[in-house]
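This report concerns only the one structure given below.
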């Protein structure tokens, strides 16, 4: 049901030798919501995403739909219905938009079916949901375009489409608005809301406070690997410990949004 916990994280900790990168983090991501994960540079946001998706070792528990998954490898977590994007984008410049999205789709014939479709140039999206996704993200006119010819905003959308093409229940977005101007970020936000409304739950990591406030139902704030605040975006950003962590940058962003 909408609003019930889809992802539950309890006392998650990541250590690199003597350095604690993520420190006893607990949070929930409700079904059908966009939860923002924010914090200053070096707060541990990407490390937490890596831990949730199985790319780094951690202690603590991670449960998805009530099933514990923290002992599973990354590809097995993906099979449970979890996908992610990467800060670098993760798309291939020498492939078309259609082919990049095809890579993320779980085809009946498996990985080799996808490879054959790309190599032969006969790749079509097997899932009707993927075709609908292309429309939701406004990528229909770009399917035949080489990825190297795309704008920064278009590349971000293709990476999101690639992550969503496998039909995940939860997608973790790592800095999807990085490098975008305010117009591109607003455009991205509209499409993320449309994806949420289609039934996909999201955990969004980003530094763009306007995007976070406009699209997130809840936010979680990290500082030095610890959760220092959580709740409704505007109220949480106004908390003194959050303002201190951001050295005033959040205050400016919030005032700008209210103007």
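Ranked highest first by average number of other Cβ atoms within 10 Å, how do 166-174, 51-59 line up?
Highest-to-lowest ranking by the protection proxy: 166-174, 51-59.
By the gyration tensor of its Cα atoms, with a ≥ b ≥ c the square roots of the eigenvalues, what is the shape of the range 1-76: rounded for a/c under 1.5, prolate for a/b over b/c, or oblate?
Judged from the Cα gyration tensor, the range 1-76 comes out oblate (a/c at least 1.5, b/c at or above a/b).
Under the definition of Cα pairs under 8 Å and six or more residues apart, what whole-number percent is the relative contact order of the range 1-93?
29 percent
Describe numerically, in nm with one decimal, the distance between label points set 7 Å from Cα along Cα→Cβ at residue 148 and at residue 182.
Rounded to a tenth, the inter-label distance reads 3.5 nm.
Which of 141, 11, 223, 23 comes first, and how do the rest follow, when ranked by fewest Cβ neighbours within 10 Å?
Lowest count first: 141, 11, 23, 223.
Can you order the peptides 204-214, 145-155 by their average number of other Cβ atoms within 10 Å per residue, highest first?
204-214, 145-155
Every number here is computed from the coordinates shown, using simple stated rules; none is lab data. Remember, it's a predicted structure, so these values are computed and weren't measured experimentally. Here Cβ is always computed from backbone atoms with ideal geometry, including for glycine, and neighbour counts include all displayed protein chains.
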